[in-house]
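Since the structure comes first, as structure tokens, the remarks are kept for the end.
The values are calculated or read from the model by the stated rules, or taken from the named source; none is laboratory data. The structure displayed is predicted, hence computed values, not measured ones. As a convention, Cβ positions derive from the backbone with ideal geometry for all residues, glycine included, and neighbour counts pool all protein chains shown. The accessibility values were calculated without ligands, DNA or RNA, using every heavy atom of the protein model including side chains. Shrake-Rupley method; radii C 1.70, N 1.55, O 1.52, S 1.80 Å.
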Amino acid sequence: MEWYWTLTIIFGAFVVLMGIGVPIAFAFLAINVVCCFIFWNGAAGLTQLVLSISSSVTHYTIVSVPLFVLMGEVMFRSGIASKMMDVLDSWFGRLPGRLALMSVAGGTVFAALTGSGSAATAMLGKLLVPDMEKRGYHKAMSLGPIMGSGGLAIMIPPSALGVLLAALGQFSVGDFLVAIIVPGLLMSLAYAIYIVARCSIQKHLAPAYAVEPVPLARKLINTALYIFPLFFVMFLVVGLIFLGVATPTESAALGALGTFLLAALYGGLSLRMVKEALLSSMRITVMLLMIITGSTAFSQILAFTGATSGLAEVATSANVAPMVVIIIMQAILIVMGMFMEPLSIMMLTVPIYYPVIQAFGYDPVWFGAIMLLNMEMATISPPFGLNLFVMRGVAPRGVTMGDVYAASVPFLLLDLVVMGFLLAYPPLVLWLPGFISK
Amino acid sequence: MNRLLRILAACESAGAAGATLLFVGITLAICAEVLLRYGFNRPISWVVEISEYSLLWITFLGAAWVLRHGGHVRVDILLQYLSPAALRICGLFSSAAGIVTTLVLIAFGADATWTAYMRGAFKPTGTDVPTWMILIVIPLGGLLLFFRFARMFVEYWTRQRDFGAEPSH
């Protein structure tokens, strides 16, 4: 059988299993079971599958995934996040689209402390939407900025999804976590420019209101108390990798420990909170890792059936510029992102995409950053992006799914603009990792 | 029957508790390792390896518990447009797919574990952890998953369960 028929059947089976509601992790395992049995000589293939499950998850870098998830859980449950927003609030004057800008600023700082986009979206929504509602903000200026900013958690380290992408694509997690910093900040900048520009032109979208001035001394003290310690945690996560002192996993463990210390200092640490944060992190971690258990076997199957090399050959022998192929690849990811969640998209595409990237001689970290940005878009692209539903869940009554969809569009376009910059000018991604001391 | 279900739920919760303890343990071990390496120049050699194996244990110890709470992400947005009868059929097929998959995990996981045990295989990386100790969690976790999928199948069959009744993410 030609490889493209095999590939179509495998992807078709995956879509059917997903469609009838099989959890994604078990859809991958079921396909692996059938394919290993057929392609790898029956029972021997299934023994091989069991061994591949073990080798898929037992990587030291993946240990940072539960640690990043835990950091976010502690950060959100201990009240550190809401204290931080209060301090930010005191610094922001009468800016156009003030609350929308606060969502971007808050989202950027959250992103540097947590690794989960949905948690950040829910948190920003809960903290900011009631105020936005009270001040008469239009839905485009309340829902949109929150969804955009929540997604930054994926793009600014620590990023659990980023670690998994690097693990699947087999490139350096440390380099990658540092490489996504500039693209992530570019996204915040793009959001901020858009909000200021649009609110200056259409003033009714975000009515200005009087801000109670806070004495400078108090602002400074609060900043020293509640913002500077956060930089300490950020330093543990990114700084230690940067200085070459600790591996990404070690800095993740120290970051998690640092978050606990902060929570304890602020009095947000209770036995109950710790238990809830741990169990919730376990739930997310087990869910993610269970999907990853299928990754090695799945990519080996794609390679064995000839699909991987077949597609790579099509891509490299086609009479078009490599950049066109890269753009087509991203376009496919965008379409998949409308219907699927990021990790399964990565599982399906990384084994096929990375050989092509290698054949073209592109830097895997550069391509990874663009792909991760694409995965961030997947969480807010209609109709099925996960964070759209998270947003709907924390939005006030009367907000329809249509409102949420409409609000997401400008931010998806902004993401596309940033993606264009990254494609056109790779140093935006590759410049910063060059300074990591090895 | 109710008693058996309670035992299953207790085993699942015990698995989750074990996974959580393991996670806390490796987190502390990694922190201690970094401090000892830089503070006292005495690295602990086993930390990296043991944390890697722990990931497999955490995943399979916690998997059935996460399944019971509907925490394994799935696409259920399309399903809301189906009729109750069609939903029941989807539920039967999807839990059947889970049953078959976990049976393979149990059978071949047990076989791989037993083979590793008989051969005395170990990881020749310094810690010399016997391979069977790492692999055995696959059939064990598979067993819990099997019972949970079987229970879901029975619930759909006897119409005790509506599809999508469990919380999903």
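In table form, for the structure just shown:
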read-out	value
Tally, over the stretch A:267-284, of residues that are open to solvent by less than 10 Å² (accessible area, probe 1.4 Å) and at the interface with chain B (Cβ under 7 Å from one of its Cβ atoms)	1
Among residues of the stretch A:13-28, those that are open to solvent by less than 30 Å² (accessible area, probe 1.4 Å) and more than 7 Å from chain B (Cβ to nearest Cβ), counted	3
Flag if A:Ile352 is under 19 Å from A:Leu386 (Cα atoms) and open to solvent by 10 Å² or more (accessible area, probe 1.4 Å)	no
Residue identified as over 17 Å from the mean Cα position of the chain (by Cα), closer than 13 Å to A:Val50 by Cα and free of Cβ contacts under 8 Å to residues at least 40 places away in the same chain among B:Thr131, B:Thr113	B:Thr131
Count - residues of the stretch B:115-146 that are at pLDDT 95 or above and away from chain A (no Cβ under 11 Å)	4
Those residues of the stretch B:65-90 which are more than 7 Å from chain A (Cβ to nearest Cβ) and either among the hydrophobic types (A, V, I, L, M, F, W, C) or in a helix (DSSP H, G or I) (or both), in sequence order	B:Trp65, B:Leu67, B:Arg68, B:Gln80, B:Tyr81, B:Leu82, B:Pro84, B:Ala85, B:Ala86, B:Leu87, B:Arg88, B:Ile89
Filter pass, A:Pro410 being closer than 18 Å to A:Ser103 by Cα and in contact with an Asp or Glu (Cβ under 7 Å, 6 or more places away or on another chain)	no
The stretch A:410-430, residues that are open to solvent by 30 Å² or more (accessible area, probe 1.4 Å) and touching a Ser or Thr at 6+ places or on another chain (Cβ under 9 Å)	none
Contacts under 6 angstrom Cβ, first residue in the stretch A:257-273 being within 17 Å of A:Leu67 (Cα to Cα), partner open to solvent by less than 40 Å² (accessible area, probe 1.4 Å) and small (Gly, Ala, Ser), 6 or more apart	A:Ala263/A:Ser78
Subset of the stretch A:141-180 (residues that are open to solvent by 20 Å² or more (accessible area, probe 1.4 Å) and over 17 Å from the mean Cα position of the chain (by Cα))	A:Gln170, A:Phe171, A:Ser172
Count of the stretch A:211-251 residues which are free of Cβ contacts under 8 Å to residues at least 40 places away in the same chain and part of a loop (DSSP other than H, G, I, E, B)	5
Subset of the stretch B:20-42 [over 14 Å from A:Leu254 (Cα atoms), open to solvent by 100 Å² or more (accessible area, probe 1.4 Å) and within 10 Å of chain A (Cβ to nearest Cβ)]	B:Leu21
Unique match (being under 26 Å from A:Ile195 (Cα atoms) and without any contact (Cβ under 8 Å) to a residue 40 or more places away in the chain) among A:Met84, A:Met102	A:Met102
Cβ-Cβ under 6 Å pairs, at least 6 apart or on other chains, the stretch A:410-433 side closer than 12 Å to A:Leu373 by Cβ, far side β-branched (Val, Ile, Thr) and open to solvent by 30 Å² or more (accessible area, probe 1.4 Å)	A:Leu428/A:Val182
Test: residue in the stretch A:337-349 that is surrounded by 19 or more Cβ atoms within 10 Å (Cβ to Cβ), within 14 Å of chain B (Cβ to nearest Cβ) and closer than 19 Å to A:Leu413 by Cβ	yes
